[in-house]
Amino acid sequence: MEALGRLTLSWIANAIALVIVGALFSGINFDGAGSLLAAAALVGVLNTILKPVLKAITFPFAVITLGIVWYLVAMAMLGLTALLIGGFHINSFWSLVEGTFVIWLVNLVLDVVPGPWRGTRRD
């Protein structure tokens, strides 16, 4: 699949995951569709560029913690998105923890369910 198509599917999948998280947790919300789409795009960019770098840097800690530190990296990506996108709000640490878990779960389902989105996720 062409790179643009994969990027578009990843963006849509991120938007779906963020909509689910926003619906499930009152501590995570968007000011509108524009904020949602901007957050989905930024999550995709961060997960493609910054997250692999952070995972490489934290690899020794991942070995020691049996991978738990990589959950913290995923939390950092979502938290950074909330800091950079003005209309995307995460109101508490526990909302961040829960939202990160649900996004991970949605991404896992999207990677398992057959369809064009398979392999477009960066977790």
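Computed values, structure above
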{"quantity": "Verdict on residue 13 being closer than 22 Å to residue 112 by Cβ and modelled with pLDDT under 90", "calculated": "yes"}
{"quantity": "Criterion: over 14 Å from residue 107 (Cβ atoms) and under 14 Å from the mean Cα position of the chain (by Cα) - qualifying residue of 60, 52", "calculated": "52"}
{"quantity": "Enumeration of residues in segment 6-32 that are more than 14 Å from the chain's Cα centre (by Cα) and within 14 Å of residue 90 (Cα to Cα)", "calculated": "23, 24, 25, 26, 27, 29, 30, 31"}
{"quantity": "Candidate set from segment 53-100 (those that are closer than 18 Å to residue 40 by Cβ, among the small types (Gly, Ala, Ser) and free of Cβ contacts under 8 Å to residues at least 60 places away in the same chain); member that is surrounded by the fewest Cβ atoms within 10 Å (Cβ to Cβ)", "calculated": "86"}
{"quantity": "Close pairs from segment 7-27: first within 15 Å of residue 46 (Cα to Cα) and of a type outside the set (Val, Ile, Thr), partner in a loop (DSSP other than H, G, I, E, B) and modelled with pLDDT under 90, Cβ under 6 Å, at least 6 apart", "calculated": "10/120; 13/117"}
{"quantity": "Qualifying residue in segment 108-116 (condition: assigned to a helix (DSSP H, G or I), surrounded by fewer than 16 Cβ atoms within 10 Å (Cβ to Cβ), at pLDDT 90 or above and of a type outside the set (Val, Ile, Thr))", "calculated": "no"}
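Here's the yes/no breakdown for (1) crowded, with 17+ Cβ neighbours inside 10 Å; (2) more than 20 Å from residue 100 (Cα to Cα):
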position	(1), (2)
4	no, yes
13	yes, no
21	yes, no
28	yes, no
31	no, no
35	yes, no
41	yes, no
48	no, no
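The values are calculated or read from the model by the stated rules, or taken from the named source; none is laboratory data. As the structure is a computational prediction, the values presented were derived from the model and not from experiment. Counting neighbours? That spans all protein chains shown, and the Cβs are built from the backbone with ideal geometry, glycine included.
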